[in-house]
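The values are calculated or read from the model by the stated rules, or taken from the named source; none is laboratory data. What you see is a predicted model; the values in this text were computed from it and never measured. Cβ atoms come from the backbone with ideal geometry, glycine included; neighbour counts cover every protein chain shown.
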Amino acid sequence: MKTVVTGGAGFLGAQLVARLLDAPDRVGDDRASRRVVVADRATLALSPDERCTFIEIDLGEVAAPLGALVQGADAVVHLASVVSADAEIDPERAWQLNVEATRRLLGACSRSAPGCRFLAASSVAVFAHGETPAGEDTKEVPASTYGMTKVVLELLVNEATRRGQVDGRIARLPTVIVRPGRPNLAASSFASGVFREPLSGIDMGLPVAPEVAMVVIGQRSAVAGLEALLAVPADQLGADRGVNLPGLEVTVADMVAACQRVGRARGLSVGAIFAAPDPAVAAIVASWPSRWDDRKARRLGLPADRSLDEVVVNYLDDFGTRRG
């Protein structure tokens, strides 16, 4: 069983690689026989494992050897992406990596790994903000460059699936929390910072108002959801391979309260959380849906968070209090 993970050195990618290598044995698949190829521009901090190969590659380069990368792959997980705020700054780079690289990768799979399972990460940003929950029957009208490129990615995966080139599936991710380490260039980065910094005793400035509503998913559920969606039989997915991973509908005020509540329960000295408006971030976040229809994912049995408090506890158990 050979699985290729693009963006595999990233936060979600590295955790998914570890799960793919160490998941319980299944019929026709034992752990000793698994092979995971990690493709990324960055290095990967994993324990040495002869079953895991790291390839440094820029998928945005036209000359990137994608055929050799996916040769004989049973599955490809495509996580590499230019994220939201960065996509607004550099839309050309976002198009090249989020769209053109996906198109070339699907073509390489068609030639070198025909019929492989192809799981692509999409986003809540493919939908616009609205009064009704965004889901299977919602027209995708993104209000950001990032969201637009993810809509095109979804169409490419569905088309390659229709043509029999790959067995596609698309994971639409809500905002993933809590990410350890330094903030990234996503507009949603503050949603992790509102937990990470205060729980490390660092004051945190909020770029959006407390009443702003969002859809979030805990990092454990996000990784487990990717793994589970990769394993779903094709006949359960339908013609549109997009699936909204289960999310929690919360306000920023809810997030602040959960941070303070769990921090006190753990005996931590929680940093202050204060207003620091950023109109650019606020505009992007306001364009995303705050209500979420994840019935398809739940029908498929994908994992879901039970509460914000559980998400915060899981973060502390997994990563401790890491400063940004």
Original post:
Are any residues in the range 3-19 of a type outside the set (S, T, N, Q), part of a helix (DSSP H, G or I) and surrounded by fewer than 24 Cβ atoms within 10 Å (Cβ to Cβ), and if so, which ones?
Top reply: 11, 12, 14, 18, 19
Original post:
Do we find that residue 101 is modelled with pLDDT of 95 or more and within 22 Å of residue 185 (Cβ to Cβ) in this structure?
Top reply: yes
Original post:
For the subset of the range 51-75 comprising residues that are within 12 Å of residue 109 (Cα to Cα) and within 23 Å of the chain's Cα centre (by Cα), which member is surrounded by the most Cβ atoms within 10 Å (Cβ to Cβ)?
Top reply: 70
Original post:
Within the bounds of the range 185-204, is there any residue that is among the acidic types (Asp, Glu) and over 30 Å from residue 73 (Cβ atoms)?
Top reply: yes
**OP:** Would you mind finding the one in 192, 122, 188 that is of a type in the set (Ser, Thr, Tyr), touching an Asp or Glu at 6+ places or on another chain (Cβ under 7 Å) and either modelled with pLDDT of 95 or more or outside any strand (DSSP E or B) (or both)?
**Re:** 122
Original post:
What pairs come up if the first residue lies in the range 56-85 and is under 16 Å from residue 34 (Cα atoms), the second is modelled with pLDDT under 95 and in a loop (DSSP other than H, G, I, E, B), and their beta carbons are under 6 Å apart, counting only those six or more places apart or on different chains?
Top reply: 74/1
**OP:** Inspect the range 51-59 for any residue being closer than 22 Å to residue 114 by Cα, touching a Ser or Thr at 6+ places or on another chain (Cβ under 7 Å), hydrophobic (A, V, I, L, M, F, W, C) and in the same structural domain as residue 144 (by TED's automatic domain parsing) and give the result as yes or no.
**Re:** yes
Original post:
Considering 132, 161, which residue is at pLDDT 95 or above and on the phi < 0 side of the Ramachandran plot?
Top reply: 161
**OP:** Identify the single condition in (1) assigned by TED's automatic domain parsing to the domain that holds residue 183; (2) small (Gly, Ala, Ser); (3) surrounded by 21 or more Cβ atoms within 10 Å (Cβ to Cβ) that residue 225 does not satisfy, given that it satisfies every other one.
**Re:** (1)
Original post:
Quick check: is even one residue across the range 213-224 under 19 Å from residue 263 (Cα atoms), in contact (Cβ under 8 Å) with a residue 12 or more places away in the chain, assigned to a strand (DSSP E or B) and not aliphatic (A, V, I, L, M)?
Top reply: yes
Original post:
Looking at (1) part of a helix (DSSP H, G or I); (2) modelled with pLDDT under 95; (3) out of contact with any helix residue (DSSP H, G or I) (no Cβ under 8 Å at 6 or more places or on another chain), which is the one condition that is false for residue 63?
Top reply: (1)
